[in-house]
Amino acid sequence: MTNAQLHTEFLDALEKAYPALERLVRALVWKESRRRFGQVLHSQDLVQDIIAETVAAAFEQYPTLRHKEAFLSYCFTIATRTHRKMVAQSERLQTASNLAFATESVGDVWERLEQKGACHDHGTDYQSERAADTAALYEAFDTLPAEQREALIMFEILGFSMKEIAEVQNRSTISVKVSVSRGRKLLAKRLGAA
């Protein structure tokens with residue numbers, strides 16, 4: 001089968017599957033907006049993004065699809081996974097922005113948590129020892145360059161992948177890896193562990 005024939009076959013299959021695919025994606029977005037926000041948010045952009053990613057992935061893998069009659073089911077699987085990936089990424093980004101580590105020092109965040117009563121009472125000895133360790137850690141963290149500190153926190157604490165951090169910071173994955181590695185070494189050195 002030539003590329004032109006394969007392309008035409010894919011477009012025919014997509015034309016038949018598109019209405020059902022769009023309904024599925026709208027339902028996924030509707031359900032997620034109800035879960036996260038308690039109300040229905042109509043996000044046409046999100047629906048179109050998920051459909052575009054789904055179509056691109058389906059087109060890329062279409063030649064390897066054994067049962068062409070299962071194309072709609074295949075698209076549903078891709079759309080569901082794409083939606084889950086986007087939701088997870090959105091939640092991690094929301095967590096990162098809520099923590100505001102990029103603009104605040106770690107010590108400022110800790111003080112805010114203490115003021116809100118988020119710290120537990122474990123006795124005076126434990127508290128003073130923990131306070132000293134915590135202060136040393138925050139001081140060491142605050143000496144890191146902001147971009148390095150942000151990358152280290154996103155990777156080690158928030159669980160972002162190197163690729164996701166690179167997208168957020170608009171850098172290459174290699175430079176993020178180097179930044180995280182250097183940040184770890186600097187922290188260890190400043191805390192006397194190296």
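Every read-out reported here was derived from the displayed coordinates using simple, explicitly stated rules and does not represent laboratory data. Here the structure is a predicted model, which is why all the values come from computation and not from measurement. Virtual Cβ from ideal backbone geometry, glycine too; neighbours counted across all protein chains shown.
Things worth noting here:
- Ranked list, fewest to most other Cβ atoms within 10 Å of each Cβ, for 18, 74: 18, 74
- Karplus 3J(HN,Hα) series, Hz, for region 56-69 with 6.51 cos²θ - 1.76 cosθ + 1.60 (x for Gly, Pro): 4, 5, 5, 5, 4, 9, 3, x, 8, 5, 6, 10, 4, 6
- Structure note, pairs 68/163; 85/163; 16/85: Cα-Cα distances above 21 angstrom occur for 68/163; 16/85.
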